[in-house]
Amino acid sequence: MTKRIFSGVQPTGNLHLGNYLGAIRNWVQMQHDYEAIFCIVDLHAITVPQDPEALRAATREVTAAYIACGIDPEKNTIFNQSMVSVHAELGWILGCYTPLGWLNRMTQFKEKMQLRKADAEDQLKKIRHELKQYKKGKGRLEELLHFVEIFVEAGIEDSEKTTQAKLGLYSYPVLMAADILGYKATHVPVGEDQKQHLELARDIAGAFNRRYGVELFPQPEPVIQGAATRVMSLRDGTKKMSKSDESDYSRINLTDDADTIAAKIRKAKSDMEPGLSFDVEKRPEAANLINIYSALSGDKRDDIVSRFATSGFSEFKKSLADVAVAHLEPITGEMRRLQADKGYIDAVLKRGAERANDVAQGVLKEVKDVVGFLRV
Ligand code: AMP
Ligand code: TRP
């Protein structure tokens, strides 16, 4: 069977170092050994509100980033998802084989909804504890009522958020499964945060195959590799670097110039420990910067730690800024050059969509025949 890659990024602005080190850079390395399809997933983007003009601009920007990072648009297929209707069609079909229970487990959905369920569970524990104390004649009624109040508030807030939430955000992982299975992709290079979605795609493939006793969909393998599969925020080493973080200082954007990159690294959160050591639990910020250093320079983590073991953070950061600028500046420059040429970007996307459509229509026909849809 052909080894085929499928992967994608949402055109939602602020493409950052996490997207690059967690995903795109790995694609660049893998493109030589696989047939590869790289998507700009605009159907996924509208699961949260998007401004139409900004969405169009971001679609071109991500395309430019792919090419600037080193994806060869001649050898590979680059396209935006909404140009190939198979994604939406197959997404519907696969949704009919996906139990709600599977979707309820998805942590990204819960995070995006920012549900306070965990908060409520925590409070419930405290209420039970206080109640026990109270029965023993030890607890205070005010204390107990305080916890009850927080518990009820969290419950109300969650139920309001749940009714307001959009179906598309909930079924997002089914569409992602359709992206991958619609091309019978065998390998999916992504960052650590997408692992659960990929397991779901594998489960859906299995459920469909089993239902009809066919081997139509291969099981897609997640490829999560490199020194920085989960790049953390520069402001908080326990939070993922993300496009939507309010603070621009939390991330390095692929559009940042050299001075901005250096300033962001200089101001990155550090700690009071002397010297440099790698300890994710105790020194999450240091660990994150060391991982970034390693991923960008290719140096081993241990070598970096021993080189800066006795010097202060500021010396390490200076060196990291040099490494980051040297690596990212050519990409930024090329991105700017490409973005000025809309005609070229659009031509790449048009050709990509035609190629992608050819493959995906073939798979969709097979699916329709298996399901029993009449094709006349
Ligand atoms: P998104 O920005 O959500 O469209 O993500 C596009 C790709 O970048 C996916 O493969 C993600 O797993 C990856 N990614 C996003 N944020 C990070 C991060 N902070 N660290 C590593 N990979 C990331
Ligand atoms: N959900 C992915 C993210 O937010 C993007 C994505 C959509 C994707 N479809 C995909 C990634 C298919 C890999 C394969 O990062």
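Does at least one position in region 40-55 carry a residue that is of a type in the set (Gly, Ala, Ser), outside any loop (DSSP other than H, G, I, E, B), open to solvent by 40 Å² or more (accessible area, probe 1.4 Å) and within 16 Å of ligand 1 (Cβ to nearest atom)? Yes.
Scanning region 113-133 for residues that are under 20 Å from THR163 (Cβ atoms) and either open to solvent by 70 Å² or more (accessible area, probe 1.4 Å) or part of a helix (DSSP H, G or I) (or both) returns MET113, GLN114, LYS117, ALA118, ASP119, ALA120. Within region 35-58, residues that are within 21 Å of LYS112 (Cα to Cα) and away from ligand 2 (no atom under 14 Å from the Cβ) reach partners that are part of a helix (DSSP H, G or I) and of a type in the set (Gly, Ala, Ser) with beta carbons closer than 8 Å, at six or more positions or on different chains, in the pairs LEU55/ALA45.
The set of residues in region 301-322 that are in a helix (DSSP H, G or I) and in contact with an Asp or Glu (Cβ under 9 Å, 6 or more places away or on another chain) comprises ARG307, PHE313.
Looking at ILE78, is it at pLDDT 90 or above, in a helix (DSSP H, G or I) and either more than 16 Å from ligand 2 (Cβ to nearest atom) or β-branched (Val, Ile, Thr) (or both)? Walk me through it before giving the result.
Values: at pLDDT 90 or above: yes; in a helix (DSSP H, G or I): no; either more than 16 Å from ligand 2 (Cβ to nearest atom) or β-branched (Val, Ile, Thr) (or both): yes.
Spelling it out, it is not the case that ILE78 is at pLDDT 90 or above, in a helix (DSSP H, G or I) and either more than 16 Å from ligand 2 (Cβ to nearest atom) or β-branched (Val, Ile, Thr) (or both).
State yes or no: is LEU145 free of Cβ contacts under 8 Å to residues at least 24 places away in the same chain, among the hydrophobic types (A, V, I, L, M, F, W, C) and more than 16 Å from ligand 1 (Cβ to nearest atom)? Reasoning before the result, please.
Values: free of Cβ contacts under 8 Å to residues at least 24 places away in the same chain: yes; among the hydrophobic types (A, V, I, L, M, F, W, C): yes; more than 16 Å from ligand 1 (Cβ to nearest atom): yes.
When the stated conditions are applied, LEU145 passes them.
Checked against the criterion of being modelled with pLDDT of 95 or more, within 13 Å of ligand 2 (Cβ to nearest atom), open to solvent by 40 Å² or more (accessible area, probe 1.4 Å) and under 22 Å from the mean Cα position of the chain (by Cα), region 244-262 has no qualifying residue. Within the span defined as region 89-102, one or more residues are more than 15 Å from the chain's Cα centre (by Cα) and among the β-branched types (Val, Ile, Thr).
ASN14 meets the conditions (1) in contact with a strand residue (DSSP E or B) (Cβ under 8 Å, 6 or more places away or on another chain); (2) within 22 Å of GLY168 (Cβ to Cβ); (3) buried (at least 22 other Cβ atoms within 10 Å of the Cβ) in every case but one. The failed one is (3). Taking region 91-112 as the range and being surrounded by 13 or more Cβ atoms within 10 Å (Cβ to Cβ) and within 16 Å of ligand 1 (Cβ to nearest atom) as the test, the residues that pass are MET106, GLN108, PHE109, LYS110, LYS112.
Does VAL348 meet the test of being in the same structural domain as TYR20 (by TED's automatic domain parsing) and closer than 21 Å to ARG25 by Cβ? Give the steps one after another, and end with the answer.
Values: in the same structural domain as TYR20 (by TED's automatic domain parsing): yes; closer than 21 Å to ARG25 by Cβ: yes.
Here the answer is yes, as VAL348 does meet what is asked.
Can you tell me how many residues in region 281-300 are without any contact (Cβ under 8 Å) to a residue 40 or more places away in the chain, in a helix (DSSP H, G or I) and of a type in the set (Gly, Ala, Ser)? Qualifying residue count for the region: 1. Return a yes/no flag: does region 271-280 have any residue that is part of a helix (DSSP H, G or I) and open to solvent by 10 Å² or more (accessible area, probe 1.4 Å). Scanning region 271-280, I find no residue that is part of a helix (DSSP H, G or I) and open to solvent by 10 Å² or more (accessible area, probe 1.4 Å), so the answer is no.
Condition check ((1) out of contact with any Leu (no Cβ under 8 Å at 6 or more places or on another chain); (2) without any contact (Cβ under 8 Å) to a residue 24 or more places away in the chain; (3) closer than 26 Å to LYS195 by Cβ) across all residues:
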position	(1), (2), (3)
PRO73	yes, no, no
LEU90	no, no, yes
PHE109	no, no, yes
ARG116	yes, no, yes
ILE127	no, no, no
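If you check ASP303, ASP236 for being out of contact with any Ser or Thr (no Cβ under 7 Å at 6 or more places or on another chain), within 14 Å of ligand 1 (Cβ to nearest atom) and free of Cβ contacts under 8 Å to residues at least 60 places away in the same chain, only one passes: ASP236. Scanning region 166-203 for residues that are open to solvent by 30 Å² or more (accessible area, probe 1.4 Å) and in a loop (DSSP other than H, G, I, E, B), which turns out nearest to ligand 2 (Cβ to nearest atom)? Applying the filter and picking the extreme gives LYS184. Within the option set GLY352, GLY343, being of a type in the set (Gly, Ala, Ser) and open to solvent by less than 10 Å² (accessible area, probe 1.4 Å) holds for one residue only, GLY352.
The values are calculated or read from the model by the stated rules, or taken from the named source; none is laboratory data. Since we're looking at a predicted model, the values are computed, not measured. We place every Cβ from the backbone using ideal geometry, glycine too, and count neighbours over all the protein chains shown. When the accessible area is computed, the model is the full protein with side chains, heavy atoms only, and any ligands, DNA or RNA have been set aside. Shrake-Rupley method; radii C 1.70, N 1.55, O 1.52, S 1.80 Å.
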